[in-house]
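Heads up, the thing below is written out as structure tokens.
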Amino acid sequence: VRRRPGAVRRQCSAEASVTEHTILGTLRGMVESSVRERFPDYDKPIDVAECANTSLGDFQSSSAMQIFSALAKAGETSFRSPRDVADEIVAGISEREMFDSITIAGPGFINFRLSDNYIRSELFRETKSAELGPTIKRHVLVDFSSPNIAKEMHVGHLRSTIIGDTLCNVFEFCGYTTTRVNHVGDWGTQFGMLIQFMKENGISPDSSVSDLQACYKQAKQKFDVDDDFKAKSKDMVVKLQSYDPETAHMWRQICSASRAEFQTIYDRLKIRIVEKGESFYNDMIPSVLDELQSKRLIVEDAGALCIFTESDDTPVICRKSDGGFNYASTDLAAVRHRIMSEKADKIIYVTDQGQHKHFKAIFKTANEAGWGDAQVALEHVGFGVVLDEAEERCFKFLEEKGTNLTTDEIKHASKVLGVSSVKYADLQNNRLTNYTFSFDRMLDLKGNTAMYLQYSHARVATILQKSSFAGRPDQFSISHEEERLLAIQIIKFQDALLTTLQDLAPSKLCEYLYTLCSTFNNFYAECKVIGGDNEESRIYLCERTLYTMKLTFSLLGIEPLERL
Ligand code: ARG
């Protein structure tokens, strides 16, 4: 059979261009073109993955077994076993420079072992973000953090902040135009009663968020029992809606007091985000609802305007029977604006899982309206003052453990460690599992923790400082298996970026960094670096390790420590 050039079928996603630059992508392309050529009737996706047992190979494909059973089903008998199919696939792979060996094992697994030459050339190639970027310019809008004015940020917001920021970092690094939106809850009928209550009680709109929150609670209680207060609050909403100057002024003051407090948290976590709150979309709501109503995507039910999703019968209300707009109506206007005016190609909402139904209804409506689509993430749990406590615990830990650091350095280190631990604990979790932060776990030097990563990073940095050599790529050679595995882990970086974006899961990037650190530690335990025969070669490998660690840390939004 003759090879058809360019027969590799491309994934039809916009990420396709990225895969061409990753090892896994390249390998998958090779196996795929061989399969398409030798087994043209087989149209299922091709499996190639990292090999769990590195003594067998670096990557593995199980496609031969799948193809064999498909052939058997179709009554095709020219192959006696999956191993024969595997032979055929291997025969179809003509470019061999990439491999040291391709072997067939067990029932028909194909194992690929990368060649030293290939590893070396990949290691030399600078990690250029431009190479990863999508060929078509893509605009991703990430809606994250999004706390509510006059209320304290809770753990759901904190998680959203940390995960959203990391996703943005990775998208940005991969060349996407990235918009970071803080969809703060700064509008709604609750402001009527809050302002009314504050006026009646002479409370300054400049108050702290916790005072505002207390005020809000009292106002709510009063609203429920006091008809006179209720009526006045409703008048106040009308005033706010019509931008009555005095009311609008008070509203703005309340917003800026909350905003300042949120900002201190963003500063502490080094988060970048731009506020475009609910109020921004207020004037767009009536026309959006009209459009959706005329398209019959929202319907009137018992006086309210509702979205019905097939799966469950309780509708999502987007205009209350009293005519008031709500959370859902704002999101409908927002999603339309993001698609139509901001021209976002991809919109990601990072919120707790409790809002799943809400977003399902919004996305369904937006899709059917012919505007586009979006993806949801997330979840919630208990948080409180974790940042302070994390910092204190790290300080105590470092003091007791004993280091060469001065007290000021310990102070700085524990600040960084505290924030990294809280962030990492969050990122490292699968987004959908429940978040439980454990201080004991945070200080675990051996587990998958920020502490472990920071120690590993500081170790590499220290080795590089101690050596009197600079790394020499031209001297680089592979003389030990652990050395080879470390080099491979480094060159898998782009694969890690790709899976992070495909799954929208920072945990994938964490997994990569953790493996990089443990692979480095294995290497360091086995291979003499300073004072060894090939110090320049190994220092070069350490430099590439440090570079890749730093890059990953920065994408995760974690500041690495040079000394510990
Ligand atoms: N303010 C909301 C809350 O605290 C989160 C907003 C999420 N974003 C959105 N577009 N609805 O639950």
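The values are calculated or read from the model by the stated rules, or taken from the named source; none is laboratory data. None of the values given here were measured: they were computed from a predicted structure. As a convention, Cβ positions derive from the backbone with ideal geometry for all residues, glycine included, and neighbour counts pool all protein chains shown.
Within 30 Å of Ser160 (Cβ to Cβ), out of contact with any strand residue (DSSP E or B) (no Cβ under 9 Å at 6 or more places or on another chain) and surrounded by 21 or more Cβ atoms within 10 Å (Cβ to Cβ): is that true of Gln494 in this structure?
Taking the combined requirement at face value, the residue satisfies it.
So which residues in the stretch 356-370 are crowded, with 18+ Cβ neighbours inside 10 Å and at pLDDT below 80?
Within the stretch 356-370, no residue meets the criteria.
So that you can scan it fast, the table gives a plain yes or no per residue for (1) closer than 15 Å to Pro107 by Cβ; (2) loosely packed, with under 13 Cβ neighbours inside 10 Å:
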residue: Phe39; (1), (2): no, no
residue: Asp47; (1), (2): yes, no
residue: Thr54; (1), (2): no, no
residue: Phe68; (1), (2): yes, no
residue: Ala72; (1), (2): yes, yes
residue: Ser78; (1), (2): no, yes
residue: Ile89; (1), (2): yes, no
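Can you confirm whether Lys222 is more than 17 Å from Gly324 (Cβ to Cβ), touching a helix residue (DSSP H, G or I) at 6+ places or on another chain (Cβ under 7 Å) and in contact (Cβ under 8 Å) with a residue 24 or more places away in the chain?
Answer is yes for this residue.
It is to be established whether one or more residues within the stretch 242-262 are part of a helix (DSSP H, G or I), under 25 Å from Leu141 (Cβ atoms), of a type in the set (Ser, Thr, Tyr) and in contact with a His (Cβ under 8 Å, 6 or more places away or on another chain).
no
Hey, does the stretch 165-178 have a residue that's closer than 24 Å to Ser341 by Cβ and in contact with an Asp or Glu (Cβ under 7 Å, 6 or more places away or on another chain)?
Among the residues of the stretch 165-178, at least one is closer than 24 Å to Ser341 by Cβ and in contact with an Asp or Glu (Cβ under 7 Å, 6 or more places away or on another chain), which makes the answer yes.
Hey, among Val316, Val288, Val299, which residue is under 18 Å from Lys364 (Cβ atoms), without any contact (Cβ under 8 Å) to a residue 12 or more places away in the chain and not polar (S, T, N, Q)?
Among Val316, Val288, Val299, only Val299 is under 18 Å from Lys364 (Cβ atoms), without any contact (Cβ under 8 Å) to a residue 12 or more places away in the chain and not polar (S, T, N, Q).
Do you know which of the residues in the stretch 243-262 that are away from the ligand (no atom under 16 Å from the Cβ) and touching a residue at least 24 places away in the same chain (Cβ under 8 Å) is nearest to the chain's Cα centre (by Cα)?
Looking at the filtered set, the residue picked out is Ala257.
Considering the stretch 521-534 alone, what residues qualify as being over 19 Å from Asp116 (Cβ atoms) and in a helix (DSSP H, G or I)?
Answer for the stretch 521-534, where residues must be over 19 Å from Asp116 (Cβ atoms) and in a helix (DSSP H, G or I): Asn521, Tyr524, Ala525.
Can you give me the ranges of the strands (runs of 3 or more DSSP E) entirely in the stretch 97-193 with at least 3 residues that are at pLDDT 95 or above?
The qualifying strands (runs of 3 or more DSSP E) are 99-105, 109-114, 177-182.
Check the stretch 187-196 and report whether any residue there is buried (at least 21 other Cβ atoms within 10 Å of the Cβ), of a type in the set (Gly, Ala, Ser), under 19 Å from Cys255 (Cβ atoms) and away from the ligand (no atom under 16 Å from the Cβ).
Checking the stretch 187-196: at least one residue is buried (at least 21 other Cβ atoms within 10 Å of the Cβ), of a type in the set (Gly, Ala, Ser), under 19 Å from Cys255 (Cβ atoms) and away from the ligand (no atom under 16 Å from the Cβ).
Is there any pair linking a residue in the stretch 339-356 that is within 22 Å of Val316 (Cα to Cα) to one that is part of a strand (DSSP E or B) and more than 8 Å from the ligand (Cβ to nearest atom), with Cβ under 6 Å and at least six apart or on different chains, and which?
Ile347/Leu141; Ile348/Val142; Ile348/Gln375; Tyr349/Val376; Val350/Ala377
Just need a number here: residues in the stretch 150-160 that are away from the ligand (no atom under 11 Å from the Cβ) and surrounded by 19 or more Cβ atoms within 10 Å (Cβ to Cβ).
Number of matching residues: 3.
How many residues are of a type in the set (Gly, Ala, Ser) and buried (at least 17 other Cβ atoms within 10 Å of the Cβ) if we restrict to the stretch 284-338? First the steps, then the outcome.
Start the filter on the stretch 284-338 by keeping residues that are of a type in the set (Gly, Ala, Ser), which leaves 287, 294, 302-304, 311, 321, 323-324, 328-329, 333-334.
Remaining after also requiring buried (at least 17 other Cβ atoms within 10 Å of the Cβ): 304, 328-329, 333-334.
Of the residues in the stretch 284-338, 5 are of a type in the set (Gly, Ala, Ser) and buried (at least 17 other Cβ atoms within 10 Å of the Cβ).
For the stretch 263-355, please list each of the strands (runs of 3 or more DSSP E) lying entirely inside it that holds at least 3 residues being within 13 Å of the ligand (Cβ to nearest atom). Walk me through how you get there before you give the answer.
Details: elements: 299-301, 304-307, 316-319, 346-350.
Correct list: 346-350.
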